[in-house]
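Undergrad: Below is one structure. I have some questions about it.
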Amino acid sequence: MIARTRRRALLVSLGVATSLLAAGLMAGCATLGRASFKEPDVQLKDVVVTGLGLSGGSVDVLLSVYNPNGYKLDALKMTYIVDIDAIKLGEGELDGRFVVPEKDSSTVRLPVRFTYAGLGAAGRALMQSGSVNYRVRGDFVVSTPIGNFTRPYDRTGRYSTMTGNGR
């Protein structure tokens with residue numbers, strides 16, 4: 001009876017030790033996974049006017065999202081704010097999924113509605129010189145083999161209607 005009780009206690013102790021070891025290994029893997037995750041590079045690719053009206057219009061802001069990781073990124077959600085010469089052009093949220101293959105790029109379309117009154121000087125500068133400073137920022141949620149990550153992005157540059165892309 002005493003031997004059976006000791007054996008049962010030993011088995012319980014081994015079970016607890018195994019559970020603690022497994023939890024420690026999983027936590028270690030998650031930490032290593034987060035450390036090995038490389039941030040995607042977001043670049044402005046183009047701006048396409050999709051509609052103009054009396055008080056404003058709409059554009060599609062096309063972003064190139066490059067995945068430097070050795071596995072695909074499955075984007076679950078993306079928020080964005082688009083500024084032209086420090087004036088907010090528009091903002092929104094993409095709930096549609098998009099995939100960025102490993103070591104490759106995908107183009108993401110951000111629909112933006114704007115008013116002429118809100119654009120003001122930035123719109124005039126674009127019409128006169130053909131280029132403006134821009135900023136695109138927000139965050140995205142990606143699903144990877146090592147877990148889901150929410151990461152911010154913030155990209156600035158100069159957009160030229162002459163070349164049709166941002167720098």
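The values are calculated or read from the model by the stated rules, or taken from the named source; none is laboratory data. Only a predicted model underlies this, so the values are computations on that prediction, with no experimental measurement involved. Virtual Cβ from ideal backbone geometry, glycine too; neighbours counted across all protein chains shown.
Undergrad: Looking at segment 38-57, can you tell me whether even one residue there is within 11 Å of the chain's Cα centre (by Cα) and surrounded by fewer than 17 Cβ atoms within 10 Å (Cβ to Cβ)?
TA: If we filter segment 38-57 for residues that are within 11 Å of the chain's Cα centre (by Cα), which is where we start, we get 39-42.
From what is left, the residues that are surrounded by fewer than 17 Cβ atoms within 10 Å (Cβ to Cβ) are 39, 41.
Yes, segment 38-57 contains at least one residue that is within 11 Å of the chain's Cα centre (by Cα) and surrounded by fewer than 17 Cβ atoms within 10 Å (Cβ to Cβ).
Undergrad: Kindly indicate whether residue 62 is under 18 Å from residue 159 (Cβ atoms), modelled with pLDDT of 90 or more and either among the basic types (Lys, Arg) or touching a Lys or Arg at 6+ places or on another chain (Cβ under 9 Å) (or both).
TA: Here the answer is yes, as residue 62 does meet what is asked.
Undergrad: Out of the residues in segment 65-116 meeting the condition of being among the small types (Gly, Ala, Ser) and surrounded by fewer than 18 Cβ atoms within 10 Å (Cβ to Cβ), tell me which one is farthest from residue 137 (Cα to Cα).
TA: So in segment 65-116, the residues among the small types (Gly, Ala, Ser) come out as 70, 75, 86, 90, 92, 96, 105-106.
Those left that are additionally surrounded by fewer than 18 Cβ atoms within 10 Å (Cβ to Cβ): 70, 86, 92, 96, 105-106.
Working: 70: 25, 86: 12, 92: 11, 96: 18, 105: 18, 106: 17 Å.
Filtering segment 65-116 for residues that are among the small types (Gly, Ala, Ser) and surrounded by fewer than 18 Cβ atoms within 10 Å (Cβ to Cβ), the one farthest from residue 137 (Cα to Cα) comes out as 70.
Undergrad: Please enumerate the residues belonging to segment 67-85 that are part of a loop (DSSP other than H, G, I, E, B), closer than 20 Å to residue 149 by Cα and either not assigned by TED's automatic domain parsing to the domain that holds residue 111 or not polar (S, T, N, Q) (or both).
TA: 68, 70, 71, 72
Undergrad: Just the residues that are assigned by TED's automatic domain parsing to the domain that holds residue 70, of a type in the set (D, E, K, R) and at pLDDT below 90, please, taken from segment 136-167.
TA: Passing the criteria: 151, 155, 158.
Undergrad: Taking strands (runs of 3 or more DSSP E) that do not extend beyond segment 92-167, which have at least 2 residues that are within 11 Å of the chain's Cα centre (by Cα) and farther than 19 Å from residue 39 by Cβ? It would help to see each step written out before you state the result.
TA: Details: elements: 98-100, 104-115, 131-144, 147-160.
By residue number, no strands (runs of 3 or more DSSP E) qualify.
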